[in-house]
Amino acid sequence: MTALARPTHGRMIGGVCAALARRFGTSATTMRVIFLLSCLLPGPQFLIYIALWILLPSEDKARSTVW
């Protein structure tokens with residue numbers, strides 16, 4: 001598994017689904033469909049997405065902070 005960072009290429013809005021897909025070894029489309037289906041259930045999905053968007057570093061920033 002790779003480090004959790006939002007990719008600079010292949011992201012739609014914030015890159016959260018693409019980062020999670022890369023981390024868990026699935027396609028970004030599959031992760032986006034899973035997210036959209038989870039939005040049909042009650043819960044804080046959008047708040048979690050926004051929090052991950054804020055907390056996850058962008059791939060270029062994560063690469064520059066590596067020693």
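When you scan segment 3-34, how many residues do you find that are of a type in the set (A, V, I, L, M) and not in a helix (DSSP H, G or I)?
Step one: of segment 3-34, the residues of a type in the set (A, V, I, L, M) are 3-5, 12-13, 16, 18-21, 28, 31, 33-34.
Next, only the ones that are not in a helix (DSSP H, G or I) stay: 3-5, 12-13.
The number of residues fulfilling the criteria is 5.
Applying the selection to segment 1-24, what residues are free of Cβ contacts under 8 Å to residues at least 40 places away in the same chain, open to solvent by less than 70 Å² (accessible area, probe 1.4 Å) and over 14 Å from L55 (Cα atoms)?
The answer is T2, G10, A18, A21.
Test each condition in (1) at pLDDT 90 or above; (2) closer than 13 Å to L56 by Cα for L4 and report the one that comes out false.
Tallying (1) at pLDDT 90 or above; (2) closer than 13 Å to L56 by Cα, L4 fails exactly one: (1).
Name the single residue that is most open to solvent (accessible area, probe 1.4 Å) among those in segment 40-67 being at pLDDT below 75 and either assigned to a loop (DSSP other than H, G, I, E, B) or of a type in the set (K, R) (or both). Working first, answer last.
From segment 40-67, those at pLDDT below 75 are 61-67; that's our starting set.
Restricting the remaining residues to those that are either assigned to a loop (DSSP other than H, G, I, E, B) or of a type in the set (K, R) (or both) gives 61, 63, 65-67.
Working: K61: 136, R63: 153, T65: 98, V66: 107, W67: 276 Å².
Filtering first and then ranking leaves W67.
The values are calculated or read from the model by the stated rules, or taken from the named source; none is laboratory data. In this text the structure is predicted, and so the values were computed from the model without any measurement. Virtual Cβ from ideal backbone geometry, glycine too; neighbours counted across all protein chains shown. All accessible areas refer to the heavy atoms of the entire protein, side chains included, with ligands and DNA or RNA removed. Shrake-Rupley method; radii C 1.70, N 1.55, O 1.52, S 1.80 Å.
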